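J.: Take a look at this one; I'll ask things after.
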Amino acid sequence: MREAVDTPGFLPMERFQQLLDLLSQSGYRCVAPQVKDSALLFETIEHINALPRGIEQTQAPGHYRLQQTDSPRHFSWANGPQALKPLTFAPRENLWYSEVTADGGLRFREAPTETEPLAVIGVRSCDLAALKLQEQHFQGGQVDPYFLARRQRLFLVAISCTHPADTCFCAATGDGPEVRNDFDISLYETDRGYFVSAGSINGEKIVQRLSLETGDPKAFSQARKEVADSAARQSRQLPGENLQHSLFTNLDHPRWQEVAERCLSCGNCTQVCPTCFCHSENDVPDVSGVKTGHERQWDSCFSPGHSYLHGITLRQETSQRYRQWLTHKFGSWHEQYGRSGCVGCGRCIAWCPVGIDPTEELAAICSPSTGKAD
Amino acid sequence: MNPYLPLEAEVVERIQETPSIVTLRLRLTDADARHRFYCAPGQFNMLYLYGVGEVPISIKSGPQGFLDQTLLLDHTIRAVGRVTRALVRLQPGDRLGLRGPYGQGWPMQRARGEDVHIITGGLGCAPAVSVVHDLMRQRELYGHISVVQGVKHADDLIWHEQYEHWAQQPDTRVLLAADEASASWHWHTGMVTGLLDKLQLQPDRAIAFLCGPEPMMRASAERLIELGLGADRIWLSMERNMQCAVGHCGHCQFGAAFICRDGPVFNYPQVRDLLGTRGF
Ligand SMILES: Cc1cc2nc3c(=O)[nH]c(=O)nc-3n(C[C@H](O)[C@H](O)[C@H](O)COP(=O)(O)OP(=O)(O)OC[C@H]3O[C@@H](n4cnc5c(N)ncnc54)[C@H](O)[C@@H]3O)c2cc1C
Ligand code: SF4
Ligand code: SF4
Ligand code: FES
């Protein structure tokens, strides 16, 4: 993978279908964001008409709305509730099956891994950063074969953001809004079309076959400027780059109690967060009585079972669960994976039913004036 | 290699230790897997019961200690809930799933040449028993050994003969405590921490292994420090909800540590700050 530097070739808007066609001829099923249930979700796409043309959005704490505009663009919005996470770490998936044999033995069989080649159109820079963190988690130590297979089949068509939401703070975490690496194809959108560059050998194979025009350097620098300007419009900040020490020296801060009075402990934030990896495992018996599947499904540190030990739930109180979420995401993550677990996508802010904003909570807990100094 | 896939194991023997505690002696049915299996005191396996679920259980070693681990693996299980209640009902010949071994065990290398004090609380603390077995197997490698075990009620103590046997070994002391004594109880009555003053601790040549409920481990560790032992000479075995045992499911996190992978045995300074903090 390498960075996009020179002026890339230009794909006029009306030729975008070519990209979808080439990918599908190369064996990929394409998914792209589409309007569904009043949100933008990755769905299978065959024709460019299904793209969210002219859709813009407003996001605010506890708020997510789409609007139709007459803009010719397809990607003039920030994100939907899903990142790449459900495509690589399935919300629910079988790990293995066990079977009782005729002689009373037990046989274990691996569940098949997902291998269908999948091209994802419209991946954001924060999504790529989150994917990298999930790779560190699921492939860094013991390799998770299910994650690995789902990851390896992906072809990533990324796009730099020009319309971040009010909730976005990827500029503060250093994860966006410009796509820099870890993509197969990168796009910059303008009213007329796309600047297209390849970031991998697979990406190169597709880009070579597109009928690209020579890119106009002035138009390209204008497109990049739009992205840079959009970064400058982001207002949310974090009170520091590494909050681990600050959070763990403020475990008794009164703010934990205050936020718990609003928090519903619903776990929405962890479900939409593209880096949360927690899951639980359970057996799903087959009607036959001699076969059972062992599956995993997403879990959350907001669920009572997360901290259950025979007879006790270590995190009974909402304040303790909220504290686990923040101390892990913005604290321990540094020690575990060398950086914060937050890529600044803002999903947890928009999808929180009561509009709790972690950046505000962190400011209250970690800033030297209220919390114990770093 | 799929890290989640269990291997088939067979119950070779079932030992009823108390009405609710059973030791299952297990053997992997696949000979190759048996010979590849190498584990150390303090590590654990995930035991899976068909159609019920999977739980972490410490490896207590086989009847001959960790030498014959490739053949027989003892697991002492206390029936507390859904999976463990079903596990203790298994009978010789029954099959179950086993994957492991997992985690970091006791620092046996560090303990060489040192006095080893093993301090445990609660019922049948398997990680502690496994380590004593291993110390006794190569008794000459270590200095003085003391085994301190606390139980709530005198009747809760299992492995009486084992403790009596250890007490007979050269340069080895066994100190037992019960919060509530019985008529025949000739040991200490009270908390296990009350016995620590009797350890004849030589801080420059001692190492302590702790296992049991967290308040007891914390109180013991802090008392040992007051008695002059360096915090880095204290090790303890931790427990949290575990689903995967390979550092993926996130349930066992304790601050930044994944107990399944970075523990369950930790050096005290690694966990000292957070131990005893409600909610972690
Ligand atoms: C490293 C380690 C070593 C252990 N060694 C032993 C041992 O040698 N002998 C023994 O009797 N017990 C041991 N335990 C505790 C044992 O794992 C729990 O008693 C068991 O998981 C309870 O399961 P259950 O379904 O019977 O109980 P339930 O109360 O029905 O629990 C439901 C589920 O919660 C989880 N859970 C509950 N309690 C625990 C717990 N303490 N630790 C981890 N997960 C839990 C499990 O997934 C369990 O299936 C150990 C735990 C750990 C973490
Ligand atoms: S913590 Fe919130 S803003 Fe950060 S990556 Fe997760 S969902 Fe996005
Ligand atoms: S502990 Fe909470 S914050 Fe951390 S990964 Fe799990 S669900 Fe996300
Ligand atoms: S038990 Fe799953 S991460 Fe430790």
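J.: Using only the Cα atoms of segment A:145-255, construct the convex hull and provide its projected area averaged over every direction, in square nanometres to one decimal. Mind showing how you got there, number by number?
T.: Numbers: hull surface 43.0 nm².
Average of the hull's projected areas for segment A:145-255 equals 10.7 nm².
J.: Carbon and sulfur together cover what percent of the accessible area of chain B at a 1.4 Å probe radius?
T.: Details: 5170 of 10800 Å².
The nonpolar share, carbon plus sulfur, comes to 48 percent.
J.: At the nearest 100 Å², what buried accessible area, both sides summed, do you get for A and B when the probe is 1.4 Å? All intermediate terms of the calculation are to be shown ahead of the outcome.
T.: On the way: alone 17070 and 12700 Å², together 26150 Å².
The buried area between A and B, both sides summed, comes to about 3600 Å².
J.: Distance in nm between label sites at residue A:139 and residue A:354, each 7 Å beyond Cα in the beta-carbon direction?
T.: Here the answer is 3.9 nm between the modelled labels.
J.: If you don't mind, another one. Normalise the Debye intensity by I(0) for segment A:230-280, one equal point scatterer per Cα, no solvent, then take log10 at q = 0.22, 0.32 Å⁻¹ and round to two decimals.
T.: -1.20, -1.04
J.: Taking the Cα centroid of segment A:99-178 and of segment B:266-280, what is the distance between the two, rounded to the nearest whole Å?
T.: For segment A:99-178 versus segment B:266-280, the Cα centre distance is 32 Å.
J.: Continuing with the same structure: Among residues other than residue A:164 whose Cβ falls under 12 Å from its Cβ, what is the net charge (Lys/Arg +1, Asp/Glu -1)? Walk me through the numbers before you get to the answer.
T.: On the way: positive: A:124, A:233, A:236; negative: A:56, A:166, A:175, A:178, A:226, A:229.
Net local charge, residue A:164 excluded: -3.
J.: Principal axis lengths of segment A:1-71 from Cα atoms, whole Å, largest first?
T.: Sorted from largest, the Cα extents of segment A:1-71 read 38, 29, 27 Å.
J.: What percentage of the solvent-accessible surface of segment A:52-106, computed with a 1.4 Å probe over protein heavy atoms, is contributed by carbon and sulfur atoms?
T.: Numbers: 1010 of 2120 Å².
Carbon and sulfur together cover 48 percent of it.
J.: How far is it, in nm, from the label point at residue A:24 to the one at residue B:181 when both lie 7 Å from their Cα along the line to the Cβ?
T.: Simple spin-label model gives 8.5 nm for this pair.
J.: If I model segment A:265-327 as equal point scatterers sitting on the Cα atoms and use the Debye formula, what is log10 I(q)/I(0) at q = 0.18, 0.21, 0.24, 0.29 Å⁻¹?
T.: Scattering profile of segment A:265-327, log10 relative to I(0): -0.71, -0.85, -0.99, -1.22.
J.: Can you give the net charge of the other residues whose Cβ lies under 12 Å from the Cβ of residue B:135, counting K and R as +1 and D and E as -1?
T.: Details: positive: B:112, B:137, B:139; negative: B:114, B:115, B:134, B:140, B:171.
Computed value for this residue: -2.
J.: Next question, about the same structure. Send over the Kirkwood Rh of segment B:7-102, from the inverse of the averaged 1/r over different Cα pairs, rounded to one decimal Å. Don't jump to the answer; show the numbers that get you there.
T.: Details: mean 1/r = 0.0770 Å⁻¹.
Every distinct Cα pair counted, the radius reaches 13.0 Å.
J.: Whole Å is fine, so just give me how far the alpha carbon centre of segment A:193-241 lies from that of segment A:259-295.
T.: 36 Å
J.: At R0 = 41 Å, how high is the FRET efficiency between residue B:167 and residue A:249 if r is their beta carbon distance? Nearest 0.05 is fine.
T.: Details: r = 46 Å, r/R0 = 1.12.
So the FRET efficiency works out to roughly 0.35.
J.: Within 10 Å of each Cβ in peptide B:3-9, how many partner chain Cβ atoms are there on average? Round it to a whole number, please. Let's see the in-between values first.
T.: Numbers: counts 6, 12, 9, 5, 2, 6, 1.
Mean partner shielding for this stretch: 6.
J.: Using a 7 Å offset from the Cα along the Cα-to-Cβ direction at both residue B:153 and residue A:67, what is the distance between the two label points in nm, to one decimal?
T.: About 7.1 nm separates the two model spin labels.
J.: According to the Cα gyration tensor, what semi-axes, each the square root of 5 times an eigenvalue, does the equivalent ellipsoid of the protein assembly as shown have, listed from largest to smallest in whole Å?
T.: Details: eigenvalues 569, 165, 83 Å².
Values for the protein assembly as shown, descending: 53, 29, 20 Å.
J.: Using a cut-off of 30 Å between alpha-carbon atoms, which lysines can reach residue A:132, once sequence neighbours fewer than 8 places away in the same chain are excluded?
T.: Excluding near neighbours in sequence, the set is A:36, A:85, A:205, A:225, A:329.
J.: Explain nothing, just the number: dipole magnitude of segment A:140-239 about its Cα centre with +1 on each Lys and Arg Cβ and -1 on each Asp and Glu Cβ, in debye rounded to the nearest 20.
T.: Working: 12 positive and 13 negative charges, 35 e Å.
Its charge dipole is roughly 160 debye.
J.: Let me ask something else. For chain A, report the translational diffusion coefficient in µm²/s to the nearest whole number, using Stokes-Einstein at 25 °C, 0.890 mPa s, and a Kirkwood Rh over Cα pairs.
T.: Values: Rh = 22.2 Å.
The Stokes-Einstein estimate is 111 µm²/s.
J.: So if each residue of separation counts as 0.36 nm, and I subtract the Cα-Cα distance between residue A:192 and residue A:258, what length gain in nm does that give?
T.: Details: separation 66, 0.36 × 66 = 23.76 nm, distance 4.92 nm.
18.8 nm is the gain from fully extending residue A:192 to residue A:258.
The values are calculated or read from the model by the stated rules, or taken from the named source; none is laboratory data. None of these values were measured; they are calculated from a predicted model. Neighbour counts are summed over all protein chains in view; Cβ atoms, including those assigned to glycine, are modelled from backbone coordinates with ideal geometry. The area values use the complete protein model at the heavy-atom level, side chains included, leaving out ligands, DNA and RNA. Shrake-Rupley method; radii C 1.70, N 1.55, O 1.52, S 1.80 Å.
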